[in-house]
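First comes the structure, then the notes that go with it.
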Amino acid sequence: MSETLFIGSDPGVSGTTAFLYGEERWEVRHTATETEVSEAIAEALDRADGRAFALLEEVHAMPKDSNSSAFTFGQSYGTLRGLFVAHRVPFEIVRPSKWQAKMKCRTGGDKKISRARAQELQLFSKIVHANADAWLLCELARRVKTGEAVL
């Protein structure tokens, strides 16, 4: 029986996607283009024989965002949704307040809090501000699928 692939995606201009194979093998991909995101998902699915589950952070524009920034952010979110559908990856969308509460790291916008929580859980050795949310979303995806957590 193959291991399930868990995916956590944090959309944005410097979007990051974290992958967990089973419960031990972690990988993170910083994906700058839509093609890179698609290739990362396809490669991960190949390694997991197609069994997967993903969590995608629900995002929306903030009042202080410029029009172009909000558009780019929305594009990234829509691309991830579309790629999960195209690659037939079952996924759920989760609000930041909900996943942060489940992972005990309500950030209020302070990435230091999510980074500290990911380091505390020792999810992976190379946790930085840019990938902490993706790691935590990925771990929550694992917990949801294994019955340890409910969204």
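When the residues of the stretch 82-92 are filtered to those that are in a helix (DSSP H, G or I) and surrounded by fewer than 17 Cβ atoms within 10 Å (Cβ to Cβ), the one that is farthest from the chain's Cα centre (by Cα) is A86.
On inspection, F19 qualifies as closer than 21 Å to L121 by Cα and among the aromatic types (F, W, Y).
Any read-out appearing in this document is the output of simple, stated calculations on the displayed coordinates, not a laboratory observation. Values in this document were obtained by computation on a predicted structure and should not be read as measured data. Neighbour counts are summed over all protein chains in view; Cβ atoms, including those assigned to glycine, are modelled from backbone coordinates with ideal geometry.
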